[in-house]
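Data first, discussion second: the structure below is written as structure tokens.
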Number of protein chains: 2
Amino acid sequence: MRIVVLAGGIGGARFLRGLRAAAPEADITVIGNTGDDIHLFGLKVCPDLDTVMYTLGGGINEEQGWGRADETFHVKEELAAYGVEPTWFGLGDRDFATHVIRTQMLGAGYPLSAVTEALCARWKPGVRLLPMTDDRVETHVAIQAEEGTRKVVHFQEYWVKLRAAVAAEAVVPVGADQSKPAPGVLEAISTADVILFPPSNPVVSIGAILAVPGIREAIAEAGVPVVGLSPIVGGAPVRGMADKVLAAVGVETTAAAVAAHYGSGLLDGWLVHTSDADAVADVEAAGIRCRAVPLLMADLDATAQMAREALALAEEARA
Amino acid sequence: MRIVVLAGGIGGARFLRGLRAAAPEADITVIGNTGDDIHLFGLKVCPDLDTVMYTLGGGINEEQGWGRADETFHVKEELAAYGVEPTWFGLGDRDFATHVIRTQMLGAGYPLSAVTEALCARWKPGVRLLPMTDDRVETHVAIQAEEGTRKVVHFQEYWVKLRAAVAAEAVVPVGADQSKPAPGVLEAISTADVILFPPSNPVVSIGAILAVPGIREAIAEAGVPVVGLSPIVGGAPVRGMADKVLAAVGVETTAAAVAAHYGSGLLDGWLVHTSDADAVADVEAAGIRCRAVPLLMADLDATAQMAREALALAEEARA
């Protein structure tokens, strides 16, 4: 079975670990979000790709969900001691090496997809990890600044520095309209048996991937079941601050509203958490098969079970 | 008093610490060797400039004489885990930050002299540290390869990877002939009251500095005392492997031979170690004032005393 998964960072990575356990024989291709990539200190940092790579490769800091295990922050400390900005991004020493290699390979002319493949040669994530695009896309967020003026900041500044504490007025994947899917992305979609949207951020993660021209269309036209898992449980994000960016695109923070946001043109099935069972009828009324199942990725078993539910719903949709 | 010092790495840096203690009111300009600079992992590394900066700024690893105190090597470990070469250069995590900033500033168009000044704004070395040139100069070493063929390697590969275990047949500061002294270098020399050569490597450190067109001439024409301290004691380098590169330029590993290598056209005074007192007559016969004094930089006091002896010999030469 060939499974294509669109993935952001922590939520996507953890779901993938469950999927790999639930479907060990499957051929899994991950289309990773690169909209939250950022250039720091002359280095190209791809937080979502790395979170997937480290999580599936056994190098992740399990507690925080991002960054490396057994990490130190001496490079970062020294950069701060030199007075170099920004100081709010948590780049660890072990993590730094990944960005150094990536930056050097990009500088030598390799596209990000080739760089990602080279990095994965070490981590052996057990999936094929593709960036959504080899082109530069950066999600920017418009926020209220002083005296009613607006200010546009990089997504990471909004998310990490400001901790999404101010309202997002708009979320724009800058450069997406000019970008092309990375090599292999459209081929993977068109030959997939199932396409899954893990409980990743619908706006800045999966939304950014879908903003690359050709990807949304390819998914809609693939003719195979497309099943998503709600990142919203009980009217709030399971983790992260997805509510802030959902508001910016005019979507309510409910499991049903996110399904409607993707739409029946894209989604065939949608899983909501058991506590959101009353949303099932609304989602189905919108033409999307829906089931209420436990959606908390408490451990690998619970996560694998979520993946099995998603695959089961896909088979139901196929029938 | 304005003192100009030509400096390599460890020997030069330690001497400078003694000089600063011996002449706390002096205005000291250091012309640092950049011939052993190397590009690693896309980063510009300047080992000698950094050794001077860290030593005088209080950040040096005192025991090994290079690199940062309280250092970790996680970036390096990870680069090796990715299979990236070379693995033989000891880049620490704290040290890494310096190279990241330097590389970013160079990429933004700042010359190395401006970058060095910016880095020194943090370390406050108490001297003005200038690179010998803003141009790229790289010392290469020709060695015997298999079956009688010759191979040319970067100085760092010769020094750090091969530990100078094979004979050097030639030492060439590649690019030096096309280089220009960095801003401030010739001005510092022409307005100096004294010029000192610390016990740095005469070939790859001071030799590389003198290979930048204009520097040797400016020193010879400055009309002020030029005094050096022998890095050779008892027919062997006090530290390092200077004998290997002295042989490549046809100079014996003796205190007298090194003085003769610089020559009376450049040197007015030369200090040899007490155990080399029998060299004094030879050096003086070559037209260079010579004194035998303790030349082992065992601690700050001993090193400051060496600096005082050098300044005293300079005053004697001036009289």
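Miscellaneous remarks
- In the set (1) of a type outside the set (D, E, K, R); (2) farther than 26 Å from A:ALA319 by Cβ; (3) assigned to a loop (DSSP other than H, G, I, E, B), A:ALA247 fails one condition alone, (3).
- Any hit, segment A:122-145, residues being within 12 Å of chain B (Cβ to nearest Cβ) and either acidic (Asp, Glu) or not in a strand (DSSP E or B) (or both): yes
- Verdict on A:GLN64 being at the interface with chain B (Cβ under 7 Å from one of its Cβ atoms) and among the polar types (S, T, N, Q): no
- Residue tally, condition loosely packed, with under 15 Cβ neighbours inside 10 Å and modelled with pLDDT under 95, over segment B:162-191: 5
- Evaluating B:LEU246 against the criteria (1) in contact with a strand residue (DSSP E or B) (Cβ under 7 Å, 6 or more places away or on another chain); (2) buried (at least 18 other Cβ atoms within 10 Å of the Cβ); (3) modelled with pLDDT under 95; (4) of a type in the set (A, V, I, L, M, F, W, C) leaves one unmet condition, (1).
- Summed over segment B:1-13, the residues that are over 14 Å from B:GLY32 (Cβ atoms) and outside any strand (DSSP E or B) give a count of 1.
- Residues of segment A:67-76 classified as more than 10 Å from chain B (Cβ to nearest Cβ) and on the phi > 0 side of the Ramachandran plot, total: 1
- When the residues of segment B:251-271 are filtered to those that are under 16 Å from B:ALA314 (Cβ atoms) and over 18 Å from the mean Cα position of the chain (by Cα), the one that is surrounded by the fewest Cβ atoms within 10 Å (Cβ to Cβ) is B:SER264.
- Residue list for segment A:88-117, filter: closer than 23 Å to A:HIS154 by Cα and away from chain B (no Cβ under 12 Å): A:TRP88, A:PHE89, A:GLY90, A:PRO111, A:LEU112, A:SER113, A:THR116
Quick grid of which residues meet (1) polar (S, T, N, Q); (2) more than 14 Å from chain B (Cβ to nearest Cβ); (3) in a helix (DSSP H, G or I); (4) under 11 Å from the mean Cα position of the chain (by Cα):
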{"residue": "A:ARG17", "(1), (2), (3), (4)": "no, yes, yes, no"}
{"residue": "A:PRO24", "(1), (2), (3), (4)": "no, yes, no, no"}
{"residue": "A:ILE28", "(1), (2), (3), (4)": "no, yes, no, no"}
{"residue": "A:TYR54", "(1), (2), (3), (4)": "no, no, yes, no"}
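- Summed over segment B:73-87, the residues that are among the aromatic types (Phe, Trp, Tyr) and under 29 Å from the mean Cα position of the chain (by Cα) give a count of 1.
- Close pairs (7 angstrom Cβ cut-off, 6 or more residues apart or separate chains): without any contact (Cβ under 8 Å) to a residue 60 or more places away in the chain in segment A:1-30, in a helix (DSSP H, G or I) anywhere: A:ALA13/A:THR51; A:ALA13/A:VAL52; A:ALA13/A:THR55; A:ALA13/A:LEU56
- Close contacts from segment A:50-77, counting a first residue that is over 17 Å from A:ASP93 (Cα atoms) and a second that is surrounded by fewer than 17 Cβ atoms within 10 Å (Cβ to Cβ) and charged (D, E, K, R), with Cβ to Cβ under 7 Å and a gap of 6+ residues or different chains, come to A:GLY57/A:LYS124.
For (1) at pLDDT 95 or above; (2) buried (at least 17 other Cβ atoms within 10 Å of the Cβ); (3) touching a strand residue (DSSP E or B) at 6+ places or on another chain (Cβ under 9 Å), each residue gets a yes or a no:
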site	(1), (2), (3)
B:ASP193	yes, yes, yes
B:LEU210	yes, yes, yes
B:GLU221	yes, no, no
B:GLY228	yes, yes, yes
B:PRO237	no, yes, no
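- Note on segment B:40-55: residues that are farther than 24 Å from B:GLU85 by Cα and touching a strand residue (DSSP E or B) at 6+ places or on another chain (Cβ under 8 Å) total 3.
Residue-wise test of (1) modelled with pLDDT under 95; (2) acidic (Asp, Glu); (3) within 22 Å of B:ARG122 (Cβ to Cβ); (4) buried (at least 20 other Cβ atoms within 10 Å of the Cβ).
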| site | (1), (2), (3), (4) |
| --- | --- |
| A:VAL52 | no, no, no, yes |
| A:THR55 | no, no, no, yes |
| A:ILE60 | no, no, no, yes |
| A:THR72 | no, no, yes, no |
| A:ALA81 | no, no, yes, no |
| A:TRP88 | yes, no, yes, no |
| A:ASP95 | no, yes, no, yes |
| A:MET105 | no, no, no, yes |
| A:GLY109 | no, no, no, no |
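- None of B:GLU117, B:GLU71 is part of a loop (DSSP other than H, G, I, E, B) and within 29 Å of B:THR29 (Cα to Cα) except B:GLU71.
- Residue tally, condition more than 8 Å from chain B (Cβ to nearest Cβ) and not in a loop (DSSP other than H, G, I, E, B), over segment A:77-87: 1
- Remark: pairs (first residue in segment B:199-225, in a helix (DSSP H, G or I); second residue crowded, with 23+ Cβ neighbours inside 10 Å and of a type in the set (Phe, Trp, Tyr); Cβ separation under 7 Å; 6+ apart in sequence or on different chains) = B:ILE206/B:PHE197.
- Qualifying residue in segment B:183-197 (condition: under 21 Å from B:VAL137 (Cα atoms), of a type in the set (A, V, I, L, M, F, W, C) and either assigned to a loop (DSSP other than H, G, I, E, B) or free of Cβ contacts under 8 Å to residues at least 24 places away in the same chain (or both)): no
The values are calculated or read from the model by the stated rules, or taken from the named source; none is laboratory data. It should be emphasised that the depicted structure is a prediction, and the values quoted were computed from it without experimental measurement. Reconstructed Cβ throughout: ideal geometry from the backbone, glycine too, with neighbour counts over all protein chains shown.
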